[in-house]
Amino acid sequence: MHKEKEYGLFTAIAMIVGIVIGSGIFFKSDNILVYTNGSIIKGILVFTIAAVGIIFGSLTIAVLASRTTKPGGLITYVEEYIGPKVAGALGWFQVFIYFPAILSIVSWIVGVYLCMLMGWEGTPERVGFIGLIAFLIIYFVNYFSALLGGAFQNFSTVSKVVLIAVLAIAGFIYGDPKLITSSEVVEATGSSLAWIGALSPIAFSYDGWVVATSISHEIKDSKRNLPIALVFGPIFVLIAYVSYFVGVSILVGPQRIMELGDAHVNEAVTMLFGTGGAKIFLILILISVLGTLNGFTLGFLRMPYLLAIRDMFPMAEKVGYLEEGHHVPKCSAKIAFVISLVYIFINYITLKYDVIPNSDISEIPIVASYIIYVILYICVIRLYLKGEIQGIGKGLIIPLIAALGSLMIIIGGLQNPMTFLYLGICGIVVLIALRYLHKKSIA
């Protein structure tokens with residue numbers, strides 16, 4: 001069925017920037033400083049190491065994106081260059097683990113910041129309920145209007161870029177640059193390699209850069225525009241992240257940020273603009289996080305559909321149906337809706353009762369995702385060796401650097417002992433998917 005292209009280059013870039021910058025940088029900066037013992041220099045270093053995996057990874061994925069206009073993003077690339085069964089397993093992982101896990105924690109963060117804005121006590125019940133309402137609103141916006149969802153993505157991205165720029169610049173103007181190379185902090189972190197563990201929260205902060213590939217078939221001139229978005233988006237994010245991290249760290253101070261936790265942003269804007277100004281910036285942060293929630297929702301609604309059109313999902317004919325004149329597959333969107341609600345409830349239980357200490361369910365898919373990315377990078381190298389990709393830089397050097405960067409993130413993630421449990425959960429879903437696909441005689 002012919003489908004009108006809905007999204008332009010700016011929306012594709014805005015989707016990547018808007019999903020990646022949105023929540024992680026605001027509530028993971030304190031975690032990063034805890035891992036680095038308050039060292040800003042080592043914080044910058046782990047941001048850069050993680051960015052190598054993302055930037056070179058996006059350059060590598062862009063090679064695959066430029067070779068096809070088929071719908072499906074990562075699923076399409078795996079299907080074409082590895083095989084349908086592996087592609088189906090990846091799709092199930094994204095539908096039943098990746099998207100809903102991230103969505104649930106981002107909706108929770110909306111609740112955290114709204115409580116902060118209104119001065120309410122952030123009880124698990126209140127935060128969870130607000131997050132649920134936020135998800136419902138975003139879901140129905142995207143369900144009934146693809147254009148409206150894309151427009152909000154553009155608006156929220158501009159808002160968060162302004163917010164990060166102001167805080168970064170203000171930090172450099174009013175902060176204490178000596179904190180960057182503070183001898184006390186450097187000595188405290190001396191010979192320990194524990195700071196590499198900061199790659200885990202940073203991986204969450206960077207996560208989401210490949211979600212734009214899920215709407216590749218709806219991007220105008222996707223063979224040209226998607227690769228541009230996949231390259232420009234992550235580079236922009238790296239610059240924004242390091243600027244914000246350094247700015248807010250020298251403004252508030254590493255020790256104070258570690259003490260305050262997620263509330264350090266409120267402290268920073270209150271120092272700069274007073275209580276009234278802080279309220280305005282918290283509203284911008286809310287818009288920023290809602291943009292992340294919108295981007296993941298926009299991508300998730302289409303995931304069951306992308307599997308169903310390949311006959312890789314139960315009730316494929318119904319789930320893979322796209323009504324004439326509509327841009328959102330309704331049955332697919334409803335499945336995503338139900339799965340998201342289940343995860344929102346699970347997330348509430350895990351955070352209320354501290355089921356997984358010092359972690360949350362959003363970290364379950366992170367390491368598994370980067371393992372998948374490494375496999376795709378190897379596919380690009382294989383295409384180069386077969387002579388199907390020209391240029392040693394594009395076909396060999398860039399994917400090798402991408403793979404090394406991803407391996408660093410995987411190693412960082414393994415510093416968290418819960419990661420092995422998370423990989424086990426992902427493995428169970430993949431095994432169920434493979435069993436289903438085998439019954440369907442998917443090759």
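The values are calculated or read from the model by the stated rules, or taken from the named source; none is laboratory data. Because the structure is predicted, anything quoted here is derived from the model rather than measured. Because the Cβ atoms are built from the backbone with ideal geometry, glycine has one as well, and the counts that use them run over all protein chains shown. To get the accessible areas, we keep the full protein, side chains included, count just its heavy atoms, and leave off ligands, DNA and RNA. Shrake-Rupley method; radii C 1.70, N 1.55, O 1.52, S 1.80 Å.
Quick rundown of the values:
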read-out: Only Lys, Arg (+1) and Asp, Glu (-1) charged, at Cβ; segment 320-397 dipole about Cα centre in debye; value: 240
read-out: Rg in Å to one decimal, and Dmax rounded to a whole Å, for the chain via C-alpha atoms; value: 21.0, 65
read-out: Helix 9-20 axis, angle to the chain major axis (alpha carbon atoms, nearest 10°); value: 60
read-out: Radius ratio Rg over Rh of segment 234-376, counting only Cα atoms, Kirkwood formula for Rh; value: 1.07
read-out: Three semi-axes of the equivalent ellipsoid, segment 293-443, Cα gyration tensor, whole Å, largest first; value: 29, 26, 15
read-out: Mean residue ellipticity (222 nm) of the chain, computed from DSSP H runs ≥ 4 via -39,500 (n - 2.57), nearest 500; value: -24000 deg cm²/dmol
read-out: Kirkwood-based shape ratio for segment 398-443, expressed as Rg/Rh from alpha carbons; value: 1.18
read-out: Eligible lysines near LYS85 by straight Cα distance, threshold 24 Å, same-chain separation 8 or greater; value: LYS70, LYS318, LYS386, LYS439, LYS440
read-out: With every protein chain in place, the chain: carbon and sulfur % of accessible area (1.4 Å); value: 68
read-out: Nearest 10 degrees, 0 to 90: helix 330-352 Cα axis against the chain principal axis; value: 30
read-out: Choice from ILE173, ILE32, ILE105 showing the highest fluctuation, given a GNM over the chain with Cα pairs closer than 10 Å; value: ILE173
read-out: For the chain, size of Cβ-based charge dipole, Lys and Arg +1, Asp and Glu -1, in debye; value: 1140
read-out: Percentage of interatomic Cα-Cα distances in segment 338-383 larger than 11 Å; value: 72
read-out: Helix 264-300 vs. the chain, principal-axis angle (Cα, 0 to 90°, nearest 10); value: 10
read-out: Probe 1.4 Å, accessible area per residue of the chain, Å²; value: 39
read-out: Cross-link partners of LYS279 among lysines (Cα-Cα below 19 Å; sequence separation of 8 or more within a chain); value: LYS160
read-out: Mean separation of Cα contacts under 8 Å (6+ apart) over length of segment 288-435, as relative contact order %; value: 16
read-out: Translational diffusion coefficient (Stokes-Einstein; Kirkwood radius from C-alpha pairs) of segment 265-312 at 25 °C, 0.890 mPa s, in µm²/s; value: 188
